[in-house]
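Chemist: Below is one structure. I have some questions about it.
The values are calculated or read from the model by the stated rules, or taken from the named source; none is laboratory data. As the structure is a prediction and not an experimental result, all values here were calculated from the model. Here the Cβ positions follow ideal geometry from the backbone for every residue, glycine too, while neighbour counts run over all protein chains shown. With ligands, DNA and RNA removed, areas are computed over all heavy atoms of the protein, side chains included. Shrake-Rupley method; radii C 1.70, N 1.55, O 1.52, S 1.80 Å.
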Amino acid sequence: MVKIDIEGSSSFVKAARYKDFEAKALDAFDTLVAGNGAGNDFLGWKHLPSQTPEDMILECESIRDEWNKKGINLVVVIGIGGSYLGARCAIEALSHNFAKQLSSAGKSAPEVVFAGNNLSEEYLAELMDLVVERNVACIVISKSGTTTEPAVAFRIVKKYIDEHYEDNSDRIVAITDARKGALKVLSAEQGYRTFVVPDDVGGRFSVLTPVGLLPIIVAGFDAREMLKGAAEMEKALSEKSSDNPAIRYAAMRNLLYSDCGKRVEVMVTYNPKLQYLGEWWKQLYGESEGKDGKGIFPASVTNTADLHSMGQYIQEGERILFETVINVRHSNRSVTIEKDEQNLDQLNYLAGKHVEHCGAMARLGTKLAHIDGGVPQMEVSIEKIDAFNLGGLFYFFEFACGISACTLGVNPFNQPGVEAYKKNMFALLGKPGYEELSATLKARLNG
Ligand code: PA5
């Protein structure tokens, strides 16, 4: 179960002010539960864990089984933002660190790679170097069905699949809007199997829809356990109480932002497998809160590696930071440091200790050092890294995000700012309809 500890921040704030922000977060909780706040037509994610239809999971599992039977050993998941970060986060967290390098003998699940999240020509060319060596399928995900990055990648991967496989349309699954968008039209035309991104679930809240679940299932992981963990969290967070972890997290982060000048929240993980938890969380909070000239800037580090790079800044740079540490209470594997008779490396004082113990002491030592250096900390802890606990984390951060953004006074569910770059890019690329803007931008660039 996800637990939260906000004690590492308490000494930075006044208790009475925490009560004020707790009251605001409790009001925001009511708004979120009643569904009467800004963006209330995007609240479908709230009950996904407890209301996910069994047939959708069965359909995902049958695609997995069918592709396994065909011997597919590479699945390209195409999507950007909320259309890939949840799946990538889960797959990286649940995969063996060296899955790619380990012998492929006995591997029952295909390798999953991601595309459509950049416009790098080199990335796509190198993706195709891999594709030509493998037996390939593709999951293309775009809620709007019109996003440029995934559309470009899909055109290239689709062409390859069409030219190389007779069963081409069985190797492509599209996840998109129920009614509109180019991907919807193309899928109907080509006879692809499709899943729907529900109208009332925004991209960054969609990890527990087919957007996240299909890639996770195809990669060989247990989406049912993930939904179970999320459902348990949905239940745990449903109570309006000052002990509700989502309310505590939302209240404290808003208080640190409002009263203490803490402008940046750093998610800190101590396991390289959780690097993409940071990426998923940054999108969730950045896109949900960064608007109307407000919002905490979400950043992330992976320790202990980043203690040797960003650690200096966090300890002594601008005092605008606070940290949210993900503490995984138990390692899934065990490695003990053994005694060495010569002790030339002088590590015998650690003989008999688990590496995890060293990691825990690094985390606790860092916590105290950073608090001494003026960096408040919160801690979100989970038992271990598995599908169940990840499901709980996903739901915890989503629900807390809804409360936090309402506490801040912004609409958590829109992202108007994302359009600005798109318009300029379309104009510069010469997309029909953007001629006037194109001329203005070119004049500015040349001027
Ligand atoms: O959270 C969001 O809504 C966005 O980040 C989208 O997921 C992202 O822009 C991709 O959009 P689409 O799925 O429509 O291609």
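Chemist: Report the FRET efficiency, 1/(1 + (r/R0)^6), for residue 315 and residue 68, where r is their Cβ-Cβ distance and R0 is 45 Å, rounded to 0.05. Before the final figure, lay out the partial values.
Modeler: Numbers: r = 49 Å, r/R0 = 1.08.
Efficiency, from the Cβ-Cβ distance: 0.40.
Chemist: What spacing in nm lies between the two simple spin-label points modelled at residue 17 and residue 292, each 7 Å away from Cα in the Cβ direction?
Modeler: 2.1 nm
Chemist: Per-residue ellipticity at 222 nm for the chain, helices alone: DSSP H runs ≥ 4 residues times -39500 (n - 2.57), over residue total, nearest 500 deg cm²/dmol? Working shown, then result.
Modeler: Working: 17 runs with 215 residues, N = 447.
Mean residue ellipticity, 222 nm, calculated: -15000 deg cm²/dmol.
Chemist: Could I ask something else about it? Using the reciprocal of the averaged 1/r over all distinct C-alpha pairs, how large is the Kirkwood radius of the chain in Å?
Modeler: Mean inverse Cα-Cα distance, inverted, gives 23.5 Å.
Chemist: First check a/c for the stretch 268-332, with a ≥ b ≥ c the square roots of the eigenvalues of its C-alpha gyration tensor; if it is under 1.5, answer rounded, and if not, answer prolate when a/b is larger than b/c or oblate otherwise.
Modeler: On the way: a/c = 2.54, a/b = 1.29, b/c = 1.96.
The shape class here is oblate.
Chemist: For an R0 of 51 angstrom, estimate the FRET efficiency from the Cβ-Cβ distance between residue 331 and residue 239 and round to the nearest 0.05. Numbers along the way, then the final one.
Modeler: Working: r = 31 Å, r/R0 = 0.62.
E between residue 331 and residue 239, to the nearest 0.05, is 0.95.
Chemist: A follow-up question, please. Pull out a ≥ b ≥ c, the square roots of the eigenvalues of the alpha-carbon gyration tensor of the stretch 304-367, then state rounded if a/c is under 1.5, prolate if not and a/b is larger than b/c, and oblate in the remaining case.
Modeler: Details: a/c = 3.64, a/b = 1.80, b/c = 2.02.
Judged from the Cα gyration tensor, the stretch 304-367 comes out oblate (a/c at least 1.5, b/c at or above a/b).
Chemist: Taking a ≥ b ≥ c as the square roots of the eigenvalues of the Cα gyration tensor of the stretch 44-227, is the shape rounded (a/c under 1.5), prolate (a/b larger than b/c) or oblate? Can you show the working numbers first?
Modeler: Values: a/c = 1.43, a/b = 1.11, b/c = 1.28.
Since a/c stays below 1.5, the shape of the stretch 44-227 is classed as rounded.
Chemist: Here is a follow-up. Taking the Cα-to-Cβ direction at residue 135 and at residue 355 and moving 7 Å from each Cα, how far apart do the two end points lie in nm?
Modeler: Placing both labels 7 Å along Cα→Cβ, they lie 3.4 nm apart.
Chemist: Sticking with this one: I'd like the FRET efficiency for residue 304 and residue 98, computed as 1/(1 + (r/R0)^6) with the beta carbon distance as r and R0 of 25 Å, rounded to 0.05. Intermediate values should be presented prior to the final figure.
Modeler: Numbers: r = 19 Å, r/R0 = 0.76.
E between residue 304 and residue 98, to the nearest 0.05, is 0.85.
Chemist: How many Å² of accessible area per residue for the chain, probe 1.4 Å?
Modeler: Values: 20810 Å² over 447 residues.
Solvent-accessible surface per residue comes out at 47 Å².
Chemist: In nm, what is the difference between 0.36 nm times the number of residues separating residue 228 and residue 259 and their Cα-Cα distance? Write out the running numbers ahead of the final one.
Modeler: Values: separation 31, 0.36 × 31 = 11.16 nm, distance 3.76 nm.
Stretched fully, the residue 228-residue 259 segment lengthens by 7.4 nm.
Chemist: Could you tell me the center-to-center distance, by alpha carbons, between the stretch 48-101 and the stretch 288-309 in angstrom?
Modeler: Cα centroid of the stretch 48-101 versus Cα centroid of the stretch 288-309: 27 Å apart.
Chemist: Please identify the DSSP H helices in the chain that span no less than 18 Å along the helix axis (Cα) and have a mean Kyte-Doolittle hydropathy of 0.5 or more. Walk me through the numbers on the way to the answer.
Modeler: Values: long enough: 15-34 (28 Å, 0.00); 54-69 (22 Å, -1.09); 148-164 (24 Å, -0.34); 223-236 (19 Å, -0.60); 245-260 (21 Å, 0.06); 275-289 (21 Å, -1.32); 355-372 (26 Å, 0.16); 387-408 (31 Å, 1.33).
The answer, listed by residue number, is 387-408.
Chemist: Right, here's the next one. What residues qualify as long-range amide H neighbours of residue 299, i.e. H under 5 Å apart, gap of 5 or more or another chain, H built at 1.01 Å from N?
Modeler: Those qualifying (amide H under 5 Å, at least 5 residues apart or on another chain) are 265, 266, 267.
Chemist: Now a separate question. Calculate what fraction, in whole %, of the accessible area of the chain sits on carbon and sulfur atoms when a 1.4 Å probe is rolled over the protein chains.
Modeler: 52 percent
Chemist: Next up: For the stretch 165-207 and the stretch 116-133, what is the centre-to-centre distance using only Cα atoms, to the nearest Å?
Modeler: 21 Å
Chemist: Label-point separation (nm) for residue 144 and residue 437, each offset 7 Å from Cα along Cα-to-Cβ?
Modeler: 1.0 nm
Chemist: While we're here: Work out, step by step, the length gained on full extension between residue 54 and residue 421: first 0.36 nm times the residue separation, then minus their alpha carbon distance; give nm to one decimal. Walk me through the intermediate numbers first.
Modeler: Values: separation 367, 0.36 × 367 = 132.12 nm, distance 3.93 nm.
Separation in residues times 0.36 nm, less the Cα-Cα distance, equals 128.2 nm.
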